[in-house]
1. Taking the Cα centre of chain C as origin, work out the dipole magnitude from +1 charges on Lys and Arg Cβ and -1 charges on Asp and Glu Cβ, in debye rounded to 20.
2. For A:A245 and A:Q289, what does the FRET efficiency come to when R0 = 41 Å and r is the distance between their Cβ atoms, rounded to the nearest 0.05?
3. Most fluctuating residue of A:S251, A:S79, A:S149 in a GNM of chain A with Cα springs under 10 Å: which is it?
4. Mind checking which of C:W546, C:G181, C:A51 is farthest towards the positive end of chain C's charge dipole, using Cβ charges of +1 (Lys, Arg) and -1 (Asp, Glu) about the Cα centre?
5. Under a GNM of chain A (C-alpha, springs under 10 Å), which listed residue has the highest mean-square fluctuation: A:D320, A:D68, A:D192?
6. Note down the nm distance, to one decimal, between modelled labels 7 Å out along Cα→Cβ at C:S325 and at A:V50.
7. In degrees, nearest 10, range 0 to 90: what is the angle between the Cα axis of helix C:20-29 and the longest Cα principal axis of chain C?
8. What does DSSP give for the protein assembly as shown in terms of the percent of beta bridges that are antiparallel, rounded to the nearest 5?
Amino acid sequence: MAVLTVPNATAGGNGVVQTPSIFAPASTPAFAIRELALIVLGITGVIFVVVAGLTVYALMRFRRRRDDDGREPPQVYGSRQLELAWTVIPILIVVVLFLVTARYIFAIEGRPQSPEALEVTIVGHQWWWEIRYPRLGIVTANELHVPVSDPAHPTPTFITLQSADVIHSFWIPQLAGKMDVIPNKTNRIWIDPQEPGGYVGQCAEYCGLQHAGMLLIVAVQSKEDFAKWAAQQQAPARNDAEVQAGRELFSSLSCINCHAVRGTKANGVFGPDLTHLMSRWTIGAGVIQNTPENIRAWIDDPASLKPGALMPAMKLSRDDLDKVTAYLLALR
Amino acid sequence: MNERGRVGMICLIVAETSLFAVFVVAYLFYIGKSLNGPYPKDVLELPIFNTVCLLSSSITIAVAIRALRTGAARRSGVWLLVTIVLGAVFLAGTAREWYRLIVGHGLTIGTNLFGTTFYSLVGLHASHVIVGLVILSLLCVFSFSGALRREDVERAEIASWYWHFVDGVWIVVFSVVYLVGR
Amino acid sequence: MSVLSDTMASRRSAGAHRPLLAVLHEWVVTVDHKRLGVMYVVSGLVFLVVAGLEASAIRLQLAWSGLHVVPPGTFNQLFTMHGTTMVFLVGIPIVFGFGNYLVPLMIGARDLAFPRLNAFGFWIFLFGGLLLHFSFLGGEGLYGGGAAPAIGWFAYAPLTERAFTPGNATDYWNLALLVAGVGTVATAVNMITTILTMRGPGMTLGRMPVFVWEIATISWLTLIILPPLTAAQIMLLLDRFLGAHFFDTQAGASAVMWQHFFWFFGHPEVYILMLPGFGFASEIIPVFSRKVLFGYVTLVAASAGIGLVGMSTWAHHMFVVGMGSTLNAAFAASTMLVAVPTGVKIFNWLGTMYGGKIRFGTPMLFCCAFLFQFLCAGLTGIMLSVAPFNWQLTDSYFVVAHFHFVLIGALVFTIFGAIYYWFPKVTGRMLSERLGRWHFWLFVIGFNVTFLTMHVPGMLGMPRRIYTYPADRGWEIWNLVVTLGLPMQMAGILIFVINIVVSLRRGAPAGDDPWDAWTLEWATTSPPPVYNFDVVPVVSSRRPLWDLKHPDDPDGPHE
């Protein structure tokens, strides 16, 4: 199957990634947050105009004039009414703001999981994302595919977040607010994307050397496309005869200690699942495009492409490198 | 002049209370969360004798201060000595308990969450007892050497507040570790 | 002992050139609050320049996507050292340094309650600061970035555990701050004791300048909230050196517990930094408006309120940790609540300026910019208190912009104002108004170009603490503009330093009271004698010098 290009949210779909602005939401929690944000910006905007306006007025109106007689102005020590008013009014504003905020908090976090919801478990690693679909038997990495949700009959995706090492944070700005990924703690987040397209995000909690290299792509697909993708992912690894040599070499090396290729004896969990490696757009958690040259370079020396990556340089001979690369390129 | 010492000591006690409070919070939070034993109910015995010694030392130091107030520096020194002995007995008892736990039950600070929080909280307290004993020893020496006189009773009393604080902390530690946590 | 030698020294210094060693010795052994105050502020300013250079390297690396100005590991060290230095080695020493200098003078005392403890506090802070920076030389040495910590200034667990950060870098961070923290607590004890027991005749608590109230507030706050950081650091030490499991999630521990302990310290810490800035504004704005401070009692009460309520807001740094809706709502509520006493202070200052005759000397220029920038900072803070909005904004450049507006836009600006205001008192010479204006305008424009713009990439999804970013996210132009604000800020600081150096030698003589002000520090010479006052003045109102200058209309009956 051909490698999918990254569609964007507009009808064109020319593979261009769009800016992940929190004000360009495409999914319900992000819609709700934008709504709340606009309310808050409205309130704070009014406060800013009023207070800054008063300040500018005071500074201009009460500057010392050139013809000043040098006498001190009348000394005003305070005003009980004024001080009371300017305490009570902000308290009232705060009460209103709090009530609005609390409603959104409980609405977003308290959303019950419906039976039609897709379940995904994401495990954060230094510095890549393990993505599992427990009910579908799919394990992949760094790219999350979900079906688009129809507001009339929502099919949201509920994500369980866990960490294998340190604290990370799962953030796709156009789909939802972020949620931390914490070892020894299970967090939950849900998205309800209503526009097909590709959405980007990345780890948002400093997690060590390559925190900047822990990117995320979410592909929101039509229900048919998603079903096709899922079926393809569920299939065991391809067993092409041309790459037999590469597969045997792969199985004999330490690759299988970290990586899994379903249907073979490789079942390591420390690194990304490679069963359908070539169905992904990037490698190294979004750091480089998934091309044959890059695959080869990565196997040879990951640190040359992503300094500090925990995969060691395999130090293969050129011949072995060719064989293993050919094998991986066949894992579509 | 002594007012400064009083305010200063109260400030120090506030800060130290805050320090201990965090270790107490960690202890309480981690109760029942150890992934492996030994567990508190398996290995902890109520340190009644130790506690009696330490808490009585609050009484003896108060007597010492009262003696100094009447100018009886030597008598004050004797009661200070008793206080120091009681404190030292407490420390010895703690040491014995730790020996039993480490050698007898294999519980160290790295064994599990219980070990971590137990040794750090009890150890933090014990370190403050040691500092207190140093202060008391100085007072004791000065009372016998004649350097500590009736006029100095305010300052000696301020120093005794530190000791009372250390005893008060023990009441909390005892309750949290040996009563609630078991 | 040193009172006598200080006196002799100040008599000597009026005339002949003295050997450098003698001068240095005097400064090293001093227990005089004024000298220690100067040493604190100067050290803080030096660290400001160091941390500023670190920030400059960060901004150069981020000016465009995919740059290689510094390698990733070094970048991570830079932002860690920048944040840690600014908070602990610039902010704290400068505000407590001013407290050191001004509190005894303002309340009519001759020194702090415990002068030797004061000196101890300074030297242990300096030791901690030097220890932290020594880390650059550790490990592989300076060229490789040394063993400087790369854990972020708030050092989240379990990244800080030995399993994930081997080597000594974390330990430099831990030990340096632990040690410096002891000094801060000591200074807090000193301040409280001084304010409670050493006020001069007639100086009731209700007549103290607002700045003294702010120092009192931050001091009792320090006593309560700094030890929790010390405790967490001791726990981290035990984890890293004795195999304890306080933050070892593999042993069942909670990574979130570090965050609770840290932020219980960390949030009130920023009030500790900011409140003295409010104190500076509360001294400068009245004098330059020629009007008494409007609403002294509510302003002081607001400070106490901020201290109290501020201790209940800490988990607004943790809205995305997964605490659950009830806790999220509770901390949103307390954070919004603390905004009220914080915000109403602006009205006190507006009320002071209203009806006044405002003179725009350099101190006042900085306070004017402070008013606008603090308003912005407070409002973005309100935005961040709205938890669901926070779920988007936290850990992004929006929050970085917010807190730089608070810490530079509000705090550093008031610190600059304070330096221009009290430099004459400390040195006996005026700073140049012309250079001051150049400093102000360059810095305020550069600051806003950088930090106003910085809100945008945050809203466009750019997280913080990343050493580079993809080219296709639309962040490049914004990052470039942010970086372009840098040269003006650097130029402003350079002119500031030149102003200080030049004015020390050739500044106009200041006299006792160059600003026609009203609080006690202006009732003695510039610089004051080592014993502060020949005769400690008896006060009968909040503005003793106003009463002296206006015997027909003293403050007393109005208060």
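1. Values: 29 positive and 27 negative charges, 185 e Å.
For this selection, approximately 880 debye.
2. On the way: r = 26 Å, r/R0 = 0.64.
Given R0 = 41 Å and the Cβ-Cβ separation, E is 0.95.
3. Of A:S251, A:S79, A:S149, the most mobile in the Gaussian network model is A:S79.
4. Going by the Cα projections, it comes out as C:W546.
5. A:D68
6. Using points 7 Å along Cα→Cβ, the separation is 3.1 nm.
7. 80
8. Details: 30 of 44 bridges.
Antiparallel: roughly 70 percent of the beta bridges in the protein assembly as shown.
Coordinate-derived values only; no laboratory data. Quick caveat: nothing in here was measured; it's all calculated off a predicted structure. Please note: Cβ atoms are built from the backbone with ideal geometry, for glycine as well, and neighbour counts cover all protein chains shown.
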